[in-house]
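Inspection log for the structure reproduced underneath, given as structure tokens.
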Amino acid sequence: MRTVGITGGIASGKSLVCSLLSEVWGVPVLDADLVAREVVTPGSPVLQAIVAAFGPGVLAPDGSLDRRALGARVSCDPAARRRLEDLTHPAIWTAIEAWLEHRAAQGHPVAAVEAALIVESGQAERFDVLVVVTAPSGVQVKRLMEQRGMTEPQARAWLTSQAPTVEKARAADVVLVNDGDPASLAAALAAAWPRIRGNAA
């Protein structure tokens, strides 16, 4: 089975690419964000480790992870963010590998994983092909303002907190530039599909 990693900056169009892969070519796609939520469910070893590291203030009254409180702790503290990633990433990638193995056992020729930090976390080599979706920063800012209700300063601050897209693109096997409408991105993906699919049956 050919494994595909899908990554890119915020508001670049990763989710649209994944939807197209699923709907047009029948590729099973896993959203790593959903896995990240699953590994920190109440009572999980990962959540217990997070509480031990950051204190009970990161828990909601019902015992679940208070993502906003945790985000406030790590968003402006690179060392705290790395500590959190060290606690969560091993469990996330173990779950992703299990999901890929299950897809292979089902006979899927291609399976994809959407994850924001594939390159930054050193996981690009896990995939047979890495697709990076990019968009000009001005386009990303506009999308964040329109789709998420951010102010322009908020949107620009969010972008600067992420690794530059050019760094992700250097690691890519396929780069999809999403600077137009959804139809343009769909056309670019269709053109790249033979390379993404490779020799998968």
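Just so you know, all these numbers are worked out from the coordinates, no wet-lab data involved. None of the values given here were measured: they were computed from a predicted structure. Note that each Cβ is placed from the backbone with ideal geometry, even for glycine, and that neighbours are counted across all protein chains shown.
The length gained by stretching the chain between SER75 and ALA98 to full extension, at 0.36 nm per residue less their Cα-Cα distance, is 5.3 nm. To the nearest ten degrees, helix 14-25 and the longest principal axis of the Cα atoms of the chain are 50 degrees apart.
Relative to the longest principal axis of the Cα atoms of the chain, the long axis of helix 137-148 lies at roughly 60 degrees. Computed from label points 7 Å out along Cα-Cβ, the spacing between ARG148 and ALA191 is 2.8 nm. With contacts taken as Cα pairs under 8 Å at a separation of at least 6 residues, the chain carries a relative contact order of 36 percent. If I take every Cα pair under 8 Å that is 6 or more residues apart in segment 33-107, average their sequence separation and divide by the length, what percent do I get for the relative contact order? Worked out over segment 33-107, it gives 30 percent. On the beta carbon distance between ARG68 and ASP128, with R0 = 45 Å, the FRET formula returns roughly 0.80. Candidates SER64, LEU20, LEU185 compared by Cα position along the dipole of the chain: farthest toward the positive end lies LEU185, with charges placed on Cβ.
Here the calculated FRET efficiency for GLU167 and GLN48, from their Cβ-Cβ distance with R0 = 30 Å, stands at 0.35, rounded to the nearest 0.05. Note on ASP179 and ASN199: the model spin-label points, each 7 Å out from Cα along the C-beta direction, lie 3.6 nm apart. Would you work out the relative contact order for segment 113-201, in percent, from Cα pairs under 8 angstrom that are 6 or more residues apart? After rounding, I find 36 percent. Neighbour counting of Cβ atoms within 10 Å sorts the residues LYS14, LYS168, LYS142, fewest neighbours leading, into LYS142, LYS14, LYS168.
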